[in-house]
Structure formats: C-alpha cells, structure tokens
Amino acid sequence: MAEPKKTIVLISSEGTEHEVDAAAALECSVTIKNMVEMGVEGPVPLKYMNSATVAKVVEFWSHRHHHGDIDGAGGEAAWEAEFFDCTIGDLCDMLKAANFLVDEKLLDRAACTVADRIKNMSVEVVRDVFGVENDFTPEEEAEERSKYPWAFDACH
C-alpha cells in the first residue's frame with residue numbers, strides 16, 4: 001500500500017486551512033523549510049495573509065512542484081499570464097507573502113508583473129494606484145522634475 005502524501009496545513013488570517021503538498025512547500029519556501037527543520041509541527045499560522053493570498057501561494061507552489069520552475073517563457077507563459085491576472089492589490093499581497101515565506105520565484109514573478117503594469121504610468125497615476133501621498137512641496141517637486149525629467153514623464 002502506498003504511503004499517504006504528506007501535507008502541510010497553512011492557516012490564513014481568517015482561520016481558513018489550506019493544505020499543500022509538503023514537498024512543494026519545502027521546495028518553494030525557505031521559511032517553511034526552516035520551520036520543518038527546526039521541528040515545528042502542526043498547522044502553520046499565516047496571520048498576516050488572507051485566505052485568497054494563501055490559496056494563490058498554494059496554487060503557485062503546486063504548479064511549480066509539478067511543472068518545474070516558472071520563468072515566463074514557453075508553455076508556462078500562458079499559465080503565468082492567467083495566474084497573475086489580478087488586481088495590483090492582490091499582487092502586492094502576493095509580494096508580501098512571497099517575502100515572508102522567502103519564495104524568490106514568486107517574489108520575482110509578482111514584482112515583474114507589477115513593474116510591467118506600472119512602467120508606462122505617470123508618477124501621479126502610480127501614486128494613486130498605490131495610495132502614496134505626494135509629500136513634496138511644490139518647490140521640491142519642481143526641483144526633482146528638473147533634475148530627473150525622465151522619471152516624471154509618462155511613456156504614453
């Protein structure tokens with residue numbers, strides 16, 4: 001009789017449990033790997049990650065584990081495009097999760113997706129998208145615009 005597949009349970013901020021193949025989690029997350037190596041047992045609380053984000057992380061890990069590393073090329077490009085077809089807010093949640101879980105592949109791919117989305121936006125639009133308040137005085141902003149005009153020009 002085959003040995004049952006080992007899983008790790010991740011618990012979101014709402015208390016939702018998400019099961020992930022242990023091999024996939026250990027392969028993709030330095031944080032999870034370190035916890036297991038230190039002998040931590042039981043569910044892994046991810047109290048700063050909502051259920052939707054944890055589900056996306058589990059999906060990403062499962063895909064990587066079964067299909068190899070994701071590099072945005074070849075047949076994986078279509079899967080990746082669909083996977084990252086979400087709001088900037090959701091991408092930022094994935095970035096935070098990838099950073100905490102120390103998953104360089106997810107961090108890299110999510111960051112590249114955010115960069116691609118904002119590369120043709122003006123500074124004002126990027127500020128609005130990320131909810132960043134302009135804390136420059138009009139004089140300071142004029143000085144920065146004269147020193148770095150390329151940074152304030154929208155590409156479209």
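Observations on the model:
- Taking amide H as placed 1.01 Å from N in the peptide plane, Thr7 has its amide H under 5 Å from the amide H of Ala22, each at least 5 places away in sequence or on another chain.
- Backbone geometry of the stretch 34-51 corresponds, through the Karplus equation with coefficients 6.51, -1.76 and 1.60 at θ = phi - 60°, to 3J(HN,Hα) couplings of 4, 4, 5, 5, 7, x, 5, 10, x, x, 9, x, 10, 5, 9, 10, 6, 4 Hz, x marking Gly and Pro.
- For the stretch 83-88, 3J(HN,Hα) per residue [Karplus equation, 6.51 cos²θ - 1.76 cosθ + 1.60, θ = phi - 60°, Hz, x = Gly/Pro]: 4, 8, 7, 8, 6, 4
- Charge dipole (debye, nearest 20) of the stretch 7-119; +1 at Cβ of Lys and Arg, -1 at Cβ of Asp and Glu: 340
- Contact order relative to length of the stretch 55-137, as percent, for alpha carbon pairs under 8 angstrom and 6 or more apart: 24
- Longest site-free stretch - the chain; sites: chymotrypsin sites (Phe, Trp or Tyr not before Pro), DSSP loop, at most 14 other Cβ within 10 Å: 49-135
- GNM result for the chain, Cα springs below 10 Å: residue of Gly42, Gly15, Gly131 fluctuating most strongly: Gly131
- Note on the chain: GNM, Cα springs under 10 Å; of Met38, Met121, Met94, the largest mean-square fluctuation is that of Met38.
- Proximal lysines relative to Lys147, as straight alpha-carbon distance under 29 Å, when same-chain residues fewer than 8 apart are discounted: Lys119
- Straight-distance candidates among the lysines for linking to Lys47, with alpha-carbon spacing under 24 Å and chain neighbours fewer than 8 residues away dropped: Lys6, Lys33, Lys56, Lys96, Lys105.
- Alpha carbon convex hull of the chain, volume per residue in cubic angstrom: 154
All of the numbers you see were taken from the coordinates with simple rules; none came from a lab. Computed from a prediction, not measured in an experiment: that's the story for all the values here. Cβ sites come from the backbone with ideal geometry, for glycine too, and all protein chains shown count toward neighbours.
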